[in-house]
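Beneath this line is the structure, given in structure tokens, with notes to follow.
The values are calculated or read from the model by the stated rules, or taken from the named source; none is laboratory data. Since the structure is predicted, the reported quantities are computational estimates derived from the model, not experimental observations. Every residue, glycine among them, receives a Cβ derived from its backbone with ideal geometry; neighbour counts consider all protein chains shown. Ligands, DNA and RNA are stripped out before the accessible areas are found, and what is left, the full protein with its side chains, is counted by its heavy atoms. Shrake-Rupley method; radii C 1.70, N 1.55, O 1.52, S 1.80 Å.
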Amino acid sequence: MSVDLTDLDAAGLDLAISDGVATVTLSRPQRRNAMTPAMWQGLARIPGKLSADVRVVVVTGQGPSFCAGIDLRMFTAEGVPGEGRALSPADPGFDDEVAGYQAGFRWLRDPSFVSIAAVRGHAIGAGFQLALACDLRVLADDAQLCMKEPALGLVPDLTGTKPLVDIVGLPRAIELCLTARTIDATEAERLRLAERVVPAADLDRAVAELATALMTTDAAAARATKALLGNAPRRSLAEQAAAERAAQAKLLQARSPDRQVPST
Ligand code: CAA
């Protein structure tokens, strides 16, 4: 598939698509993949570049760190060359602008595919939130996660607070955010922030194996199931049971008459 990637390159991103797997790589290793508004806006453009056959999206970082969070030069008088300084709430359009940044994280929940964060080294602030934006996380054993924002006088505002609470529970989320302490891979796995922890040298292979395993199931059933599971927490049991019936009927109706349900 041929997609125009020049705009992503300028934003410090790389996208590669092969055999149903799209790999998004943060590519500013000289800055530990620190993020800028251009990078968030670039992330938001990626779903428009994915073909319909993509079933897995892997998000990873080039070099020793997954992502060191926001480019701290945004908070200096000089700002980041070509991008300027962090917006202030006094700037017109502040809310819309931040919603645009959040769009760079939100698309990773799309039921069309499963998103996997492949995390080696640091995932700090916006980087931790990017890992949380993915459905699944595979961590190298050298991973270090930190929600640094409150230590810098900020709230985490790149969609990370909800998945964090959903995964670790409210008391632990409060403790992690308000101490801004760093979690290592062992603790991350214990807190269910990692589906797998592997030796750093095995990270790419482990993620590739998981991607392959996720593609062994029927594509339409996998998409419908992810949508069902994603909506389950906000539904009652009766509502979820009804949603299961509706999803099954839709799936079976969409299937061509000559396509049989696999026997178990
Ligand atoms: N912004 C800009 N540059 C960064 C950066 C960042 N967040 N993180 C690292 N870099 C740069 C360093 O300045 C350094 O540049 P030079 O080579 O020109 O000196 C280069 O990347 C390598 O960094 P280190 O030498 O520090 O590498 P290290 O391996 O010793 O440490 C690190 C890595 C622990 C990530 C450390 O660099 C660090 O603590 N970085 C800052 C992390 C941070 O506080 N991020 C903000 C989180 S809050 C957030 O993200 C807010 C939000 O969403 C709005």
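One table, with the values for the structure above:
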quantity: Among (1) more than 17 Å from the chain's Cα centre (by Cα); (2) of a type outside the set (Lys, Arg); (3) assigned by TED's automatic domain parsing to the domain that holds Phe128 - the single one Ala232 does not satisfy; calculated: (3)
quantity: Tally of residues being within 22 Å of Thr179 (Cα to Cα), open to solvent by 10 Å² or more (accessible area, probe 1.4 Å) and either of a type in the set (Phe, Trp, Tyr) or more than 8 Å from the ligand (Cβ to nearest atom) (or both) across region 119-143; calculated: 1
quantity: Hits in region 158-171 - residues which are more than 14 Å from the chain's Cα centre (by Cα) and either within 24 Å of Phe94 (Cα to Cα) or part of a loop (DSSP other than H, G, I, E, B) (or both); calculated: Gly169
quantity: Filter result (open to solvent by 70 Å² or more (accessible area, probe 1.4 Å) and either assigned to a strand (DSSP E or B) or within 16 Å of the ligand (Cβ to nearest atom) (or both)) within region 183-197; calculated: Asp184, Arg196
quantity: Residue within region 116-125 that is more than 24 Å from Glu175 (Cβ to Cβ) and among the hydrophobic types (A, V, I, L, M, F, W, C) present; calculated: yes
quantity: Every residue from region 87-124 that is part of a loop (DSSP other than H, G, I, E, B) and either aliphatic (A, V, I, L, M) or over 24 Å from Ala222 (Cβ atoms) (or both); calculated: Leu87, Ser88, Pro89, Ala90, Asp91, Pro92, Gly93, Arg120, Gly121
quantity: Among residues of region 147-179, those that are open to solvent by 80 Å² or more (accessible area, probe 1.4 Å) and not basic (Lys, Arg), counted; calculated: 7
quantity: Restricting region 55-82 to residues that are over 16 Å from the mean Cα position of the chain (by Cα) and of a type in the set (Val, Ile, Thr), the residue that is surrounded by the fewest Cβ atoms within 10 Å (Cβ to Cβ); calculated: Thr76
quantity: Residue satisfying condition, being within 12 Å of the ligand (Cβ to nearest atom) and either under 21 Å from Pro163 (Cβ atoms) or open to solvent by 40 Å² or more (accessible area, probe 1.4 Å) (or both), within set Arg31, Arg106, Arg85; calculated: Arg31
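Each row is one residue, and each column tells you yes or no for (1) closer than 22 Å to Val119 by Cβ; (2) in contact (Cβ under 8 Å) with a residue 40 or more places away in the chain.
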residue: Ala10; (1), (2): no, no
residue: Val21; (1), (2): yes, yes
residue: Gln41; (1), (2): no, yes
residue: Ala52; (1), (2): no, yes
residue: Val58; (1), (2): yes, yes
residue: Gly61; (1), (2): yes, yes
